[in-house]
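The values are calculated or read from the model by the stated rules, or taken from the named source; none is laboratory data. Owing to the predicted nature of the structure, the values given are computational and were not obtained by experimental measurement. No Cβ is skipped: glycine too gets one built from the backbone with ideal geometry, and neighbour counts run over all protein chains shown. Keep in mind that these areas ignore ligands, DNA and RNA; they rest on the heavy atoms of the full protein, side chains included. Shrake-Rupley method; radii C 1.70, N 1.55, O 1.52, S 1.80 Å.
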Amino acid sequence: MNRPARFHKRLLRAEPSFRILAKLWRISWLYVLLIAALAGVGYITLYSAGGGMPYPFAMPQAIRFAIGLVLMICVALLPPRILVMAAAPIYGLSLVLLAAVLHMGHVGKGAERWLMIGGMQVQPSEFAKIALVLALAAWFSRISYARMANPLWLVPPALMVLVPVALVLKEPNLGTAVIIGGVGASLFFAAGMRLWLIGLLVLPVPYALKLAYSHLHDYQRARITTFMNPESDPLGAGYNIIQSKIALGSGGMWGQGYLHGSQGQLNFLPEKQTDFIFTMIAEEWGFAGAAVVLGLLLLLILGGMTMAICSRNRFGRLVGLGISMNFFFYCLVNLSMVMGAIPVGGVPLPLVSYGGSAMLNVMLGFGLLLSTWVHRNSHFGESLTRPDA
Amino acid sequence: MRLTRRKRESRRLMPMREQKDPARGVFTRRALLFMAVQVGAMGELAHRLYGLQIDDGDHYARMAASNRVSKRLLAPPRGRIVDRFGLPLASNKENWRALLMPEETTDVAGTIERFSAIIPLDERDRSRIAREMRHQRRFVPVMLRDFLSWDEMARIELNAPSLPGVLIDVGTRRVYPDGELMAHIVGYVAPPNEQDVAHSTLLALPGMRVGRAGIEQNQDEQLRGTAGSVEMEVNAVGRVMSELNRVEGMPGDEVSLTLDRGLQQKVLNHIGDQTASAVVLDCHNGEVLAMVSTPSFDPSLFDSGVSHAQWIEWTNNQHTPLINKAVAGVYPPGSTFKPAVAMAALQARSVSPTDRVFCPGYLDVGGTRFHCWSRWGHGSVDMHDALKYSCDVYFYEIARRVGMDHIAQTANQLGLGVPLDIELPHTRDGLIPTPAWRKAHHHHWNGGDTIVSGIGQGFVQVTPLQLATYTARIATGRAVSPHLIRSVNGTLGEKASPEHWPALDMPDSYFKAIRGGMFAVVNEPHGTAPKAQLDLPGMLMAGKTGSAQVRHVSRALRESGHFNSADLPWEYRPHALFVCFAPYDAPRYAAAVVIEHGNTGADAAAPLARDIMRDTLLRDPANRTTPPPESVADAGSTIE
């Protein structure tokens, strides 16, 4: 019996097979409840953004969430064995979609971002993040910790990060490219990349940034410039930031009251149902309400990290961490953006912002996260690395 | 049972794995570090939020209140277009409009119904409103009706309670006082399309217009201006309560044209209902004093949208009212091309002014017979006579001697078949063919092509503006180029000065010879255009006729002796052309006239050119700063 076959057999034996009901029971329903609570916040806010009506925003979003919930639970039942096998095709598919969106994507605000598939808008860059997490986790779980010391073993995964980053930058969606890069980097770190190597790579970063700035699109530079001084162009590029800050600030401690936020209801807020939805929350519910939402987000992030740490297999740990970091970056970029702390970047607030593609991808991510939790005791991965490793 | 197995398994594997797996320890440590970072980041965000909402809360609450003071951009008034004496050719008029803010009414269809009960809306209005409603966002107002009268506004105000979301505002409308007279030059404006808006946010403002033809299009950027803003107090539902502060934008620049509106009117009167175009230039600096193309169209129709039927009527009309024939009509120049051929031959030293050519009424070249317009021939002619009689054989011969490349080069230098850089869109360049051009189109250049080009037929095509420019260049020997913009906001352009235009690289004596020939055309016995003689004391004019065939005349028909082109259907008759300049001894004005299918240059175009030149000389616009007073006699001629 040759080595790979033996490897496969051990792998199969090590996978404890338990029935679907038992798996369902192992899903962290507390975590699902947190997810539903955040989606509930989204529903309530979209109801307000729609002018106090379930349409056009709140109801479609609720339906998408329901679909997403089913998707999430289905994914949660998938064992890591299948996820590992699926990682490479999924990653390949995501690259194909990213390439496709560059060629025939629909332009929105000077950037190509959507692909129409069967009448649905698909944002491949969202999907690419999930695919990247799976692919990196699969790679790192195959190579041993010892091999992490050899930079050569880190070249393929580095390429796996850089290709989608480059494609998304080309779209050009700076915000998402940064998130993809961030998620990739955190997986490298968590997988045990040696500190000396990290130090070596971080040193030239300032130069890289300088180079990157020179390749930014005009509208992206405009965002950076107006971010530095938003008042310089109050009716143009700085409008979003200023109006957003005003809306946040006018919320005060307890808010202007549900459905009574003047900035949002009077349409001073741009894209209030998508990227800037947090400002509506903060305006209508005040700091108190916004802090609750922040707390909810933090609980989801920390919960995800905890699930990752609890996993007994390397693949599960890395998937869990990747998904949690993705969610964290998502929130961080969006919230910093609406608070005027970073340039505006077209990143929605997960589960809250109106949008189908983002919703489904976030739910897909949570499905993977729950899968690592359900299969946390599965001895899959590092204990089964090949003998020659 | 299952549980116990799993426990057993994990007991067996766990201790062993956790001992030999440093990766998990590293992972846990680093994941905890991440969690700390995450807590810190969210804490920082909360802190920042606290700063924005609580610490600076009052500040932002005030700003929110002042946000109720809504700031809106104001469309700047479009710059006026005036003639050389400041008479308005395009200006703005107040336009009261009823707008509907879709998001301020719960029942859009009902509101529109109630509105139409007060102010009737026709089908076109309704379909336009429906279209705009579909395309625009809910907080962008949709125009219901514009050009409201005081009476209509009063009725709307009276019924305001039943018309939620309807508001009245004032915009501007472009008016063209002279309508058809200036339509081809001034052009017209139309609402911007989506592409325009994508390039300029200013154009997204309601009421903004984009130049779509003529000077309006060519000078669109200058005429557009920069946006102003208005601060309005709006109540909680966004209705405007009062206007607080208004910063007027920079109106667009006032563009002053070189045209003399009065002369333009007279030229149009002289042309009457013929399909023609005429251009009058100041020879010294290339200023276009008049440029008329008939028939014309009413430019104000474009502001509110042209009906489909009207558009079809315009585009199917064989007299092409939408086309400015002076710059976009190309015609074979016919005999008006002969001075250019003469100049080319002189330049190439193929012939001297005194060289004679015998004209028996035809020239045989390579087995083909080329006829002179006179069946009996002109006998022995030199250049002066050849121009005077417009002898075709002479020009066949010298064209053959000098060759097409030289002719094309000289014609181009004189302004024929080359772009003239006039400030109008959609101009055409015409064509002076060369063997190289012909070869580029995969055809062979025949010797006969050169011969017919010698009398401005064949492939030669020019615009009336090029003809006028060419005449002005012959008259002055300077490379003047025609232009329409005299000044912008009162600043005179550099083209207005004669010194701006360099002398042509051709000897003065050649020009003198050609001018002499053109003088003879009009003023000597047996010249082709005695009808072009001016009846002004001390004023003499020089010119050249042209009758350009648009259809081949067969030899049999020609020799039958009964051929008379006036009997042909209109669209087969030759074009009638005439180019001229005056006064002969000190040329100041040059003109070109092309009457489509006018039959002969001598009978149709020459008298028209004479009338135009006579009025030009009488008005003398180049030497005035104010328009000449309209005399009673002139007023009478306007009615004719």
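Across the options B:Q533, B:L465, A:S244, the greatest Cα extent toward the positive end of the charge dipole of the protein assembly as shown (unit charges at beta carbon of Lys, Arg, Asp, Glu) belongs to A:S244.
The Cβ shell under 13 Å around B:E423 holds other residues with a net charge of -3, Lys and Arg each +1, Asp and Glu each -1. Along the charge dipole of the protein assembly as shown, Cβ charges K/R +1 and D/E -1, which of A:P54, B:V488, B:P353 sits furthest on the positive end? Checking the options against the dipole of the protein assembly as shown, the answer is A:P54. Please find the FRET efficiency linking B:L301 to A:A146, where r is the Cβ-Cβ separation and R0 is fixed at 56 Å, and quote it to the nearest 0.05. The pair B:L301/A:A146 has a calculated efficiency of 0.10. Only helices enter the 222 nm calculation for chain B: every DSSP H run of n ≥ 4 contributes -39,500 (n - 2.57), and dividing by all residues gives -11500 deg cm²/dmol, rounded to 500. Other residues lying with their Cβ under 13 Å from the Cβ of B:S497 contribute a combined charge of -1, Lys and Arg counting +1, Asp and Glu -1. Projecting label points 7 angstrom from Cα along Cα→Cβ for A:L93 and B:N623 puts them 8.7 nm apart. Put simply, the convex hull of the Cα atoms in the protein assembly as shown casts, on average, a shadow of 56.9 nm².
For each pair in B:K93/B:K325; B:K388/B:K531; A:K129/A:K245, compute the distance between the two Cα atoms and list the pairs where it is over 19 Å. Result: B:K93/B:K325; A:K129/A:K245 exceed 19 Å. Think of the range B:71-257 as having a plus end and a minus end, set by charges on the Cβ of Lys, Arg, Asp and Glu; of B:M182, B:A154, B:P141, B:P141 sits farthest toward the positive end of this dipole.
In this simple spin-label model, placing a label point 7 Å from the Cα along the Cα-to-Cβ direction at both B:F85 and A:L197 gives a separation of 8.7 nm. If you plug the beta carbon distance of B:N564 and B:D421 into 1/(1 + (r/R0)^6) with R0 = 41 Å, you get a FRET efficiency near 0.50. Between B:R438 and B:R131, the contour length at 0.36 nm per residue exceeds the Cα-Cα span by 105.5 nm.
In the context of the full set of protein chains, residues of the protein assembly as shown present 43 Å² of accessible surface per residue (probe radius 1.4 Å, heavy atoms only).
Just counting partner chain Cβ atoms within 10 Å, what average do the residues of peptide B:260-271 show around their Cβ?
Working: counts 0, 0, 0, 0, 0, 0, 0, 0, 0, 0, 0, 0.
Mean partner-chain Cβ count within 10 Å for B:260-271: 0.
For the range B:198-224, the residues whose backbone nitrogen is under 18 Å from a point 7 Å from the Cα of B:W311, taken along Cα to Cβ, are B:210-214. Charge tally around A:M339: other residues with Cβ under 12 Å, Lys/Arg +1 each, Asp/Glu -1 each, net 0.
Cα convex hull, the range B:455-607: 161 Å³ per residue, rounded to a whole number.
Counting only heavy atoms of the protein chains and using a 1.4 Å probe, B:L618 has close to 100 Å² of accessible surface. Of the complete DSSP H runs in chain B, those spanning 30 angstrom or more by Cα along the long axis with a mean Kyte-Doolittle score not below -1.0 are B:22-50.
Got the relative contact order for the range B:71-257 handy, in percent, Cα pairs under 8 Å and 6 or more residues apart? Provide the component values of the computation, followed by the final result.
Working: 340 pairs, mean separation 65.9, N = 187.
Relative contact order for the range B:71-257 comes out at 35 percent.
In this simple spin-label model, placing a label point 7 Å from the Cα along the Cα-to-Cβ direction at both B:D505 and B:K93 gives a separation of 5.4 nm. Chains A and B together bury roughly 4900 Å² of accessible area, counting both sides, with a 1.4 Å probe on protein heavy atoms only.
Loop-located trypsin sites (Lys or Arg not before Pro) in the range B:71-177 (DSSP state other than H, G, I, E, B) with a sparse environment of at most 10 neighbouring Cβ atoms within 10 Å: B:R137.
Taking only C-alpha pairs under 8 Å that are 6+ residues apart, what is the relative contact order of the range B:412-568 in percent? Relative contact order of the range B:412-568: 18 percent. Backbone amide hydrogens, once placed in the peptide plane, bring B:W96 within less than 5 Å of B:F147, B:L148, B:G171, excluding anything fewer than 5 places away on its chain.
Computed extension length for A:C310-A:Y219: 28.4 nm, one decimal, from 0.36 nm per residue of separation with the Cα-Cα distance subtracted. Of all alpha-carbon pairs in the range B:71-257, indicate the percentage at a distance above 23 angstrom. Counting pairs separated by more than 23 Å, the tail of P(r) holds 48 percent.
With the cut-off at 1.5 for a/c, could you classify the range A:22-379 from its C-alpha gyration tensor as rounded, prolate or oblate? Can you show the working numbers first?
Values: a/c = 1.75, a/b = 1.28, b/c = 1.36.
Note, shape of the range A:22-379 comes out oblate.
To the nearest Å, what is the center-to-center distance of the range A:355-373 and the range B:290-345, using C-alpha atoms only? One Cα centre to the other: 66 Å. Amide H contacts for B:F370 (H built 1.01 Å from N in the peptide plane; partners 5 or more residues away or on another chain; cut-off under 5 Å): B:L363, B:D364, B:V365. The dipole here belongs to chain B: it is taken about the Cα centre, uses +1 on the Cβ of Lys and Arg and -1 on the Cβ of Asp and Glu, and is about 3780 debye. Given their separation in residues at 0.36 nm each and the Cα-Cα distance between them, B:D273 and B:S116 gain 52.3 nm when the chain is fully extended.
Please find the FRET efficiency linking B:T354 to B:D429, where r is the Cβ-Cβ separation and R0 is fixed at 30 Å, and quote it to the nearest 0.05.
Numbers: r = 36 Å, r/R0 = 1.18.
With R0 = 30 Å, the Cβ-Cβ based efficiency is 0.25.
By the rule of a C-alpha distance below 18 Å, with chain neighbours fewer than 8 residues away ignored, the aspartates and glutamates paired with B:K439 are B:D405, B:D449. The Cα-based radius of gyration and maximum Cα-Cα distance (Dmax) for chain B are 36.0, 131 Å.
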